[in-house]
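Here is the structure we will look at.
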């Protein structure tokens, strides 16, 4: 059975109360439940992990190498700063979709640069929590196509 990891970075544990005008009022727990339900309907296992610590995110990517078929990564602010996350993704050979709740290209200039995008199979941003289910569909389509 296909297995996906939903990996969320810093400050995403505060969803629902953190800048709702930017990120909405849906909590991380609600997003995780939505992803698990989406996976169940699609016939795949979905696991979720969140950390505010870059090293823990890197460890989760490393561990995904022999456990998951794909990763959906909302790296939060680490998207714009972390060469280490980029290198971890490059090292494990697991396809990654970069995800953001807000449209990072319509925000502050520093958010336009992504270190994740060059090593991801694609990027979904600006669709709020719906982006997570879109990413699951996209990843499953990619995995089906690549066999």
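The values are calculated or read from the model by the stated rules, or taken from the named source; none is laboratory data. If you're wondering where the values come from, they're calculated on a predicted model, not measured in any experiment. So basically every Cβ, Gly included, is an ideal-geometry build from the backbone, and we count neighbours across all protein chains shown.
One residue is enough: does region 96-111 have a residue meeting the conditions modelled with pLDDT of 95 or more and over 25 Å from residue 33 (Cβ atoms)? No: zero hits.
The criterion of being in contact with a strand residue (DSSP E or B) (Cβ under 6 Å, 6 or more places away or on another chain) and either modelled with pLDDT under 95 or not in a loop (DSSP other than H, G, I, E, B) (or both) does not hold for residue 61.
Within the group 122, 93, which residue is within 27 Å of residue 26 (Cα to Cα) and either surrounded by 14 or more Cβ atoms within 10 Å (Cβ to Cβ) or at pLDDT 95 or above (or both)? Lay out the reasoning, then the answer.
Working: 93 fails: within 27 Å of residue 26 (Cα to Cα).
The match here is 122.
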